[in-house]
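I have placed the structure first, in the form of structure tokens, so that the comments after it can refer back to it.
Please treat every number below as a calculation from the coordinates, not as lab data. Quick caveat: nothing in here was measured; it's all calculated off a predicted structure. So basically every Cβ, Gly included, is an ideal-geometry build from the backbone, and we count neighbours across all protein chains shown.
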2 protein chains.
Amino acid sequence: MQVDIGNALASVADPGVGADALDVLDDRVAIAHDRIAAGMADDDFGYASLNLPERTDAAAIESAVEPLADSDAVLTVGIGGSALGAATVSTALGPSDTTHRVLDNVDPEAVAEVLDDLPLDSTAVNAVSRSGTTAETLSNFLVVRDAMESAGVDWTDQTIVTTGEAGPLRALAEEHDLPALDVPDGVPGRFSALSAVGLVPAAIQGHDIEAVLSGGQAAMDSLSDSLYDCPAYAYGALAYALDQRGASVNAVMPYAERLEPFAEWFAQLWAESLGKDGLGQTPARALGATDQHSQLQLYRAGPRDKMVTLVRASERTDREIPETDVEDLAYLGGTGLGELLDAEFEATEASLAAAGRPNVRIELDRLDARGIGELLYAMEVACVLAGELYGIETFNQPAVEWGKNAARGLLGADGEFPEADAVAEKERLVVE
Amino acid sequence: MQVDIGNALASVADPGVGADALDVLDDRVAIAHDRIAAGMADDDFGYASLNLPERTDAAAIESAVEPLADSDAVLTVGIGGSALGAATVSTALGPSDTTHRVLDNVDPEAVAEVLDDLPLDSTAVNAVSRSGTTAETLSNFLVVRDAMESAGVDWTDQTIVTTGEAGPLRALAEEHDLPALDVPDGVPGRFSALSAVGLVPAAIQGHDIEAVLSGGQAAMDSLSDSLYDCPAYAYGALAYALDQRGASVNAVMPYAERLEPFAEWFAQLWAESLGKDGLGQTPARALGATDQHSQLQLYRAGPRDKMVTLVRASERTDREIPETDVEDLAYLGGTGLGELLDAEFEATEASLAAAGRPNVRIELDRLDARGIGELLYAMEVACVLAGELYGIETFNQPAVEWGKNAARGLLGADGEFPEADAVAEKERLVVE
């Protein structure tokens, strides 16, 4: 994996980072790296995530999913960090005879559509929740279980859970002797892609999860005390420095459909980790080349408050565009769709630079198991580095508790939820 | 449709709009409304879009698609405004026996997957490009045509085009006697959802496109010279005023899976229309309740640079959550998934307000044909109003031309493309 920060330098872009400032920043990277390395060595909360490439037992995951290997589909029931990593890994690895679907919302119509689409008697249910009490996940799980029972399917033969040491899902697994894997200790959900949380569906699909972990290991091995030697730190440090200079939005634009969930996964990683104390860069999800026809006008000519992260793989399978006798289209004939996509990538990158808009290129060798493992680990450690540079607590997410309590109160859960009262007191100014 | 701006008032939020400032803004809305009404009356470029509910001939669309009515699938080949409206309308109207797929990118692996998935002998191809020369769209069209020929399918029996008066697609339609519809004059792609550009796939699927237009008509009829009387103007004026006060990001968060493409459509509308001259609010796409577990931490505790637009339908079909004897989950049993989703919506809205973060509620009666037509028209006219208030040219997108020329030059098209030379001169600082 390469990170090219040339178009984020002050000689090209405004905002941009000057060469001297980059050297100063590199001193802070060295200090932050010491803290990260110490956190990893002590397996401290959060930092423990960065040890997953070594700690995750791929063989144990493969053994746990073995009874489900013949499934025609996998249905992941989870939300946030319990779903995005799995969707990202599974989609990045490409099509499989075993479909992967995700229930990560409680929209009744969408849930009904998914259940109608799936062959319930050959669908593996992958239920993921650390606490085993996440309202959306457990509601969906109850609905799925009920739908299977109604269809005459024994759900206990087709369910695997990934959860914490205790809680309703753990109890259920014990009661029904379900295969059960652990949400690793000390690892927040958004940092758990390289554990069972992110790897179970890919394993059921028969993908090489060992190679995903070895990609993560390669990124782990490349950690060093200088941003000039470590692509992940180069990225995290630049994102932080650009934010400090006004690039408060980070538009992440992979040029590969199979990385579309990656942009969502990144958005959670960045938003929940860094969005606190009034700080944090706002992630915006985009997709190349599609969003050149949607967002590029704004990125190039709107406020100077953005950096654009362009992601691609150097090698891919191409597909030739047929020749045509239409004069205006003749230049396309005989080239490949992939060549066109690459030309669009380079044109967009140059177009942003020509307008002085900072952008960073992340380039994988290939979009394969190793490549996605390397990319996910690199972005995680980039985020941890940025958190150190901001001086915030990267691994918590305190601002989401208020709403959870309000929702519980509205639904009449046992306990005192003063937050629910605020809902009734809403200020209204309705125009209709 | 209702718009509730109570949580965007200065009494609740920071940034927020004071009651006096709202009255001052309303005077500017009256002036802008006069300009919009005059533009509509004269069918001026761009403003003509706002006449589509009256001008679009639903019967002509239905007649053109009639030969394709028995298709098992529709494949839209388009990009940007030639794809997003169609995806938005078709998805919002819910599942159909006729699948709708969109080729709006030139990723060779993704194109291959789509073509492998589709039953080519019963797939209607919906090719959309005003100029008939859009590189991505025409490349994909050539590939699709070739795949059909290879499969022994006569593509001329199954193709419909929507295009401008002249160009390769128009010529092709004439040569092969294909059904052909017009991209309406004076209507930029991102404002064309309520024309053939947005309605053909829904029509092939058998949805009631007349009702979509009548929803647009209802929003058109509600235009008035005061934001206090017109939900669309209330939304556009508030978004503008909040941006002026620092809310440079507009996170659009529908609580309905079927509105996920709507958030993408909105992002194009907002970004390409308003992102110019260093101005423009950055749209961020989100989805409730899912993104509560991803973006909400940032929205509630990050920089005060955001407004959140919460969208839902008042009525929907619900699905009951089964009772459970697990104590921690008992409060969920017997409620509906939709009730849970509504509680999450209201909890998130209150949670943002409690943290002083501005948010606006858009509420549809139902998510049906009429509802989506009303919503799309309302957001279009809200965008036009915002453009008037910013004092920018809403209907062009000059910043995307540079990249198009660079890509053409890189691919060796005839002509002079100095932009392509800039690609080779890229500043590099590669970390690997």
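Overview of results
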read-out	value
Rounded to 10°, Cα long-axis angle of helix B:337-354 versus longest principal axis of chain B	60
Cα pair distances of the stretch B:50-207 binned at 10 Å [whole percent]	12, 46, 37, 6, 0
Span from the the stretch A:273-300 Cα centroid across to the the stretch A:77-122 one, whole angstrom	25
Qualifying GluC sites (Glu not before Pro) for the stretch B:315-361 [loop in DSSP, other Cβ within 10 Å: at most 15]	B:Glu323
Exam field: A:Glu165 pseudo-label spacings to other copies (7 Å along Cα-Cβ), nanometres	7.6
Estimated FRET transfer efficiency (A:Glu416, A:Asp44; beta-carbon r; R0 35 Å; 0.05)	0.55
Between the stretch B:332-355 and the stretch A:228-255, the Cα center-to-center distance that results, in Å	35
Inter-copy separations for B:Ala330, label at 7 Å along Cα-Cβ, nm, ascending	7.9
Percent of Cα pairs exceeding the 28 Å cut-off, where the set is the stretch A:285-432	52
Residues A:Val252, A:Val423, A:Val77 arranged by fewest to most Cβ contacts within 10 Å	A:Val423, A:Val252, A:Val77
Using alpha-carbon coordinates, inclination of helix B:209-221 to the longest axis of chain B, degrees	50
P(r) histogram, all alpha-carbon pairs of chain A included - 10 Å bins from 0, percent	4, 20, 28, 25, 16, 6, 1, 0
Qualifying lysines (Cα of each under 27 Å from Cα of B:Lys426; at least 8 residues distant if same chain)	A:Lys306, B:Lys276, B:Lys404
Using alpha-carbon coordinates, inclination of helix B:135-150 to the longest axis of chain B, degrees	50
GluC sites (Glu not before Pro) restricted to the stretch A:353-430 and DSSP loop, no more than 10 other C-beta within 10 Å	A:Glu416, A:Glu425
Per-selection Rg to Rh, the stretch B:366-422 - Cα, Kirkwood hydrodynamic radius	1.29
Within chain A, helix-based [θ] at 222 nm, where runs of 4 or more DSSP H residues each add -39,500 (n - 2.57), nearest 500	-14000 deg cm²/dmol
Viscosity 1.567 mPa s, temperature 4 °C, Stokes-Einstein D of the protein assembly as shown from Kirkwood C-alpha radius, µm²/s	47
Chain B: relative contact order in percent, alpha carbon pairs under 8 Å with at least 6 residues between	23
Alpha carbon convex hull of the stretch A:218-376, projected area averaged over orientations, nm²	10.8
Other protein chain Cβ atoms within 10 Å, averaged over every residue that makes up B:301-308	5
Residues A:Phe345, B:Phe417 arranged by fewest to most Cβ contacts within 10 Å	B:Phe417, A:Phe345
Footprinting exposure proxy for B:Leu310, B:Leu429 (fewest neighbouring C-beta atoms within 10 Å first)	B:Leu429, B:Leu310
Pairwise FRET efficiency - A:Glu320 versus B:Glu165, Cβ, R0 = 35 Å, nearest 0.05	0.65
Copies compared at A:Asp27 - label distances in nm, ascending, label defined 7 Å from Cα in the Cβ direction	5.5
